[in-house]
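Read-outs: derived from the displayed coordinates by stated rules, not from any lab. Please read these numbers as outputs of a predicted model, since none were measured by experiment. Reconstructed Cβ throughout: ideal geometry from the backbone, glycine too, with neighbour counts over all protein chains shown.
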Amino acid sequence: MAATDQTLPFAWYSDEEQLRRERARIFARSWQYVGRAEQVAAPGSFLTADVGGIPVLATRDTAGELHAFINVCRHRGAVLTEGCGTRTTIQCHYHAWTYDLDGSLRAAPRSEREDGFDPTDWSLLPASVGTWGPFLFVNPDPDAPSLEEHLGDLPAILARDIDLDAITFHSRVDFGSNANWKIVVENFLECYHCPTAHPGFSAEVDVHPDRYLLEAHPTFAAQFCSARQTGERGQFHLLYPNTGINVFPGPANLSIGPIAPNGSGRTDRYLDYFFAPDVDPAWRDEFFAFDDQVGREDRVLVESVHRGMASGVLDHGRLLVKAEPLLAAFQSWVTESIR
Ligand code: FES
Ligand SMILES: [Fe+2]
C-alpha cells in the first residue's frame, strides 16, 4: 500500500522548518527521559535537561513535592540554570530574578520601582513530570496525559526480562552523530541492517527475521531477540518520540537515553547504564566494548544516510513493510503528530 511502503519525504530530514514543526508539535508535547529519579529525590534538589531544543528543569521543593518547569527566565528569556544539584532557590545568572523551587517568582531586583509589577504574573511556566522506577521523565506540556498512560504496556513487557528494582546506575556515556534525529531513530528501529553492518552483534544475537521480533504499540516500538548461544532474551524499545531503552541478553543490564535533535543535521545522545550490583566487572567491560563497537558501526550508517538524503537527489525511498514495520509505525506517528 502506497501510504506505508513509501518513506517520509527525504527533505524532512534536513529542513530547519521541519525541525521547528517537530519541536512545537512533537518535543513540546512529549514525555522524554531526562535522568534518574534519585537525582531529584532529596528536598531542594534540581536537575536541568534539554528535550529536543526545549530547556526544562525538574525540582524537588522543600516540602518534598516534585515539579517541572520550562527552564527559561520569564524576564528576558535566558536559560535559567544548568546542571544539577541542591539549592533553596533558583536564581537567573543574568539579572538575578530568583524563583522558589515551586516556580514562583520570589524576587526581581528593582521591580518594586515599577508600576503594576505583580510577581505572581511571572512564575516559571510549569511542565509535567513523572517517574517510572529509577527513571525521570519530563513533558514540557503542563496538561499532558500522565507518564503512566504514555508508557502503556511497556513496564509490563520490560518486566518479563528485567527487574527495575534490582539494577543500579553505573555511568552515563555521551555520543552523537552528524545525522537528523529521525534517521538515528529509524536506524534503531530495524535489524534488517544487522547481518550486513553489525557482524559482531549478529554473531551474538539471532537476527533471523523469524526470531528477531518486531512489535508496534501505540506509544512505543518493541524489538525482542535472544542470544544464539544461551537463548537468553533481550529487548530494545523506542518510547515515542525519542527515548531508547536497551536490555541485552545476559546478566541484568539496561541502558536508557534520548535521541535528541541539535539542529536538523546533528543528533546528541547519551545512555544511562544500569546493572545488577553483583555483575562481573570483566563481563561489564566486554559489554561496553561490544556496545561501543555497534554504536560506531551505526554512526557510519546514519551519517551516510544523512548525506544521501540531504543531497536532494531523491524525493523519498521504499520501505520494506515486512522487514521494517517499526519504521512504518514511527513514520506514521511523526506524520500524525505534526499534522
Ligand atoms: S533574563 Fe533572567 S533575570 Fe533577566
Ligand atoms: Fe545498527
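Here region 186-200 is the region considered, the condition is being out of contact with any helix residue (DSSP H, G or I) (no Cβ under 6 Å at 6 or more places or on another chain) and part of a helix (DSSP H, G or I), and the residue that is farthest from GLU16 (Cα to Cα) is PRO199. Each residue in region 240-254 was checked for being surrounded by 20 or more Cβ atoms within 10 Å (Cβ to Cβ), closer than 20 Å to HIS217 by Cα and over 11 Å from the mean Cα position of the chain (by Cα), and 1 of them qualify.
Going by what's in this entry, would ASP115 be described as under 30 Å from ALA216 (Cα atoms), more than 16 Å from ligand 2 (Cβ to nearest atom) and not in a strand (DSSP E or B)? Let's see the steps before the verdict.
Numbers: under 30 Å from ALA216 (Cα atoms): no; more than 16 Å from ligand 2 (Cβ to nearest atom): yes; not in a strand (DSSP E or B): yes.
Against the criterion (under 30 Å from ALA216 (Cα atoms), more than 16 Å from ligand 2 (Cβ to nearest atom) and not in a strand (DSSP E or B)), ASP115 does not qualify.
Taking the criterion of being charged (D, E, K, R) and within 27 Å of GLN39 (Cα to Cα), the residues of region 156-192 that qualify are ARG160, ASP161, ASP163, ASP165, ARG172, ASP174.
Give the residue that is farthest from LEU47 (Cα to Cα), with candidates limited to residues of region 134-160 that are free of Cβ contacts under 8 Å to residues at least 60 places away in the same chain and of a type in the set (Asp, Glu). Within region 134-160, the match that is farthest from LEU47 (Cα to Cα) is GLU149.
Residues being crowded, with 17+ Cβ neighbours inside 10 Å and in a helix (DSSP H, G or I) are entirely absent from region 268-283.
Does region 57-72 contain any residue that is near ligand 1 (Cβ under 10 Å from one of its atoms) and within 23 Å of ALA144 (Cα to Cα)? It would help to see each step written out before you state the result.
Residues of region 57-72 near ligand 1 (Cβ under 10 Å from one of its atoms): 72.
Within this subset, residues satisfying the condition of being within 23 Å of ALA144 (Cα to Cα) are 72.
Yes.
Is it true that some residue in region 34-48 is of a type in the set (D, E, K, R) and away from ligand 1 (no atom under 16 Å from the Cβ)? Yes - at least one qualifying residue is present in region 34-48.
Every test in (1) closer than 25 Å to GLU22 by Cβ; (2) crowded, with 20+ Cβ neighbours inside 10 Å is passed by ASP174 save one, and that test is (2).
With respect to the conditions (1) among the basic types (Lys, Arg); (2) crowded, with 16+ Cβ neighbours inside 10 Å; (3) more than 17 Å from the chain's Cα centre (by Cα), ARG20 lacks only one, and its number is (2).
Checked against (1) closer than 16 Å to PHE135 by Cα; (2) more than 18 Å from the chain's Cα centre (by Cα); (3) hydroxyl-bearing (Ser, Thr, Tyr), TYR99 meets all criteria but (1). Comparison of VAL305, VAL294 shows that the only residue that is more than 29 Å from GLU16 (Cβ to Cβ), within 22 Å of the chain's Cα centre (by Cα) and assigned to a helix (DSSP H, G or I) is VAL294. Scan region 36-59 residue by residue and report those that are surrounded by fewer than 21 Cβ atoms within 10 Å (Cβ to Cβ), within 19 Å of the chain's Cα centre (by Cα) and on the phi > 0 side of the Ramachandran plot. Correct list: GLY53 only. Take the residues in region 204-239 that are aliphatic (A, V, I, L, M) and closer than 24 Å to VAL305 by Cβ, then tell me which one is surrounded by the fewest Cβ atoms within 10 Å (Cβ to Cβ). If we take residues in region 204-239 being aliphatic (A, V, I, L, M) and closer than 24 Å to VAL305 by Cβ, then ALA216 is surrounded by the fewest Cβ atoms within 10 Å (Cβ to Cβ).
Taking the conditions exactly as written (in a loop (DSSP other than H, G, I, E, B), acidic (Asp, Glu) and within 16 Å of VAL56 (Cα to Cα)), does ASP143 satisfy them or not? Show your work before the answer.
Numbers: in a loop (DSSP other than H, G, I, E, B): yes; acidic (Asp, Glu): yes; within 16 Å of VAL56 (Cα to Cα): yes.
Yes.
Scanning region 198-229 for residues being touching a Pro at 6+ places or on another chain (Cβ under 8 Å), within 12 Å of ligand 2 (Cβ to nearest atom) and without any contact (Cβ under 8 Å) to a residue 40 or more places away in the chain gives a total of 2. Restricting attention to region 94-110, the residues that are assigned to a strand (DSSP E or B) and within 12 Å of ligand 1 (Cβ to nearest atom) total 4.
Residue check: ILE259 meets all listed conditions (1) touching a residue at least 24 places away in the same chain (Cβ under 8 Å); (2) assigned to a loop (DSSP other than H, G, I, E, B) but one, namely (2). Taking into account only those residues within region 60-85 that are among the basic types (Lys, Arg) and crowded, with 16+ Cβ neighbours inside 10 Å, which is nearest to ALA28 (Cα to Cα)? Applying the filter and picking the extreme gives ARG74.
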